[in-house]
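Below: one structure, written as structure tokens.
Only the coordinates and a few stated rules stand behind these numbers; no lab work does. None of these values were measured; they are calculated from a predicted model. Every residue, glycine as well, gets a Cβ built from its backbone with ideal geometry; the counts of neighbours run over all protein chains shown.
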Amino acid sequence: MKKKIKIAIDSPAAAGAGTQAKLIAKNYNLFYLDTGKIYRFIAYEKIKNKKNFNYRFIKKKIKNLKIKKLQNKKLLSNKVATEASVIAQDIKIRKIVHSFQSKCAYFPPKKFNGSILDGRDIASVIVKDATIKFFITASIRIRALRRFKELKTLKRKITYAEVLKSIKKRDKNDYERKYSPLKRTKDSILINTTNLTKRSCFLKIKKIIDKKLKLDGNL
Ligand code: C5P
């Protein structure tokens with residue numbers, strides 16, 4: 001790879017974007033950042049430290065944030081996810097998180113060929129000049145089913161109906177919020193994963209990326 005590449009992925013909750021982003025990162029040796037985890041991290045801190053929770057507190061937490069902290073399994077709960085979609089509506093919080101994300105996208109560690117970020121506003125706000133942009137989606141029922149199965153493997157006590165309800169709520173929060181709402185930008189390639197296996201979806205995306213990199217003389 002000659003030039004550093006930047007891949008931007010946006011998607012509604014549980015559409016399979018994270019799974020695909022990890023596969024792409026591995027295949028092209030890209031630094032991967034799941035930006036939703038940052039909002040989940042802040043939400044988790046809010047639930048834990050109700051009293052101390054303010055902008056100064058968040059700034060400090062993000063300044064000292066290590067990627068490893070984002071791997072905390074507690075961030076995966078439904079309660080944290082819903083709270084994340086609430087705090088993510090706050091423009092001040094989004095601004096605090098912005099610089100952390102830009103650093104990962106534009107200055108990934110040297111050993112990588114570039115970066116890949118997934119979230120809600122990556123193509124529209126964080127990496128507007130990405131080499132390639134994707135909008136990954138799937139039907140609400142299949143997204144709820146996938147998330148339900150995932151939570152079951154984590155031994156969480158939750159029903160399918162509860163998961164469906166919470167995904168609907170998050171969709172509403174994410175699509176309808178005032179700042180950086182989830183949307184497909186004109187230059188994002190739409191991938192619908194409803195009827196695709198993980199593998200077939202990855203192969204479809206890989207084909208598109210390879211074509212673009214060849215066109216750019218970057219492969
Ligand atoms: O992707 P994930 O489901 O982990 O994201 C949790 C929440 O964080 C989302 O529902 C959304 O409200 C928020 N988020 C965001 N912008 C991003 C990534 C996530 O607002 N770039």
* Structure fact -> Note, the stretch 107-112: 3J(HN,Hα) by Karplus (6.51, -1.76, 1.60, θ = phi - 60°), whole Hz, Gly/Pro = x, goes 10, x, x, 4, 5, 8
* Cα gyration tensor shape of the stretch 156-218, rounded if a/c is under 1.5, else prolate or oblate by comparing a/b with b/c -> oblate
* In what sequence, highest mean first, do 189-198, 32-41, 73-82 appear when ranked by Cβ atoms within 10 angstrom? -> 32-41, 73-82, 189-198
* Short version: what are the Cα gyration tensor semi-axes of the stretch 51-153, square root of 5 times each eigenvalue, largest first, in whole Å? -> 23, 21, 15
* Cβ charges +1 (Lys, Arg) and -1 (Asp, Glu), total dipole of the chain, debye -> 760 debye
* Asked: Debye sum, Cα scatterers, the stretch 100-219, no solvent: what log₁₀ I/I(0) at q = 0.16, 0.19, 0.22 1/Å?
  -> -0.99, -1.23, -1.34
* Asked: Where does the chain land at 222 nm, in deg cm²/dmol rounded to the nearest 500, when only DSSP H runs of n ≥ 4 count, each adding -39500 (n - 2.57), divided by all residues?
  -> -16000 deg cm²/dmol
* **Estimated vicinal HN-Hα couplings, Hz - the stretch 183-191 in sequence order (Karplus 6.51, -1.76, 1.60; Gly, Pro = x)** => 7, 8, 6, 4, 8, 9, 7, 7, 10
* Asked: Picking from Asn195, Leu213, Val163, whose Cα lies most toward the positive end of the charge dipole for the chain (charges on Cβ: Lys, Arg +1; Asp, Glu -1)?
  -> Val163
* To do: Starting from one equal scatterer on each C-alpha and no solvent at all, send me the Debye-based log10 I(q)/I(0) for the stretch 1-97 at q = 0.11, 0.15, 0.17, 0.25 Å⁻¹, two decimals.
  => -0.37, -0.66, -0.82, -1.43
* Taking the Cα centre of the stretch 81-135 as origin, sum charge times position over the Cβ atoms of Lys and Arg (+1) and Asp and Glu (-1), and report the length of that vector in debye to the nearest 20. => 240 debye
* Cα-Cα over 25 Å, subset of Lys103/Lys152; Lys74/Lys206; Lys128/Lys152; Lys110/Lys214; Lys2/Lys22 -> Lys103/Lys152; Lys74/Lys206; Lys128/Lys152
* To do: Determine the shape class of the chain: with a ≥ b ≥ c the square roots of the Cα gyration tensor eigenvalues, call it rounded for a/c under 1.5, and otherwise prolate if a/b is greater than b/c, oblate otherwise.
  => oblate
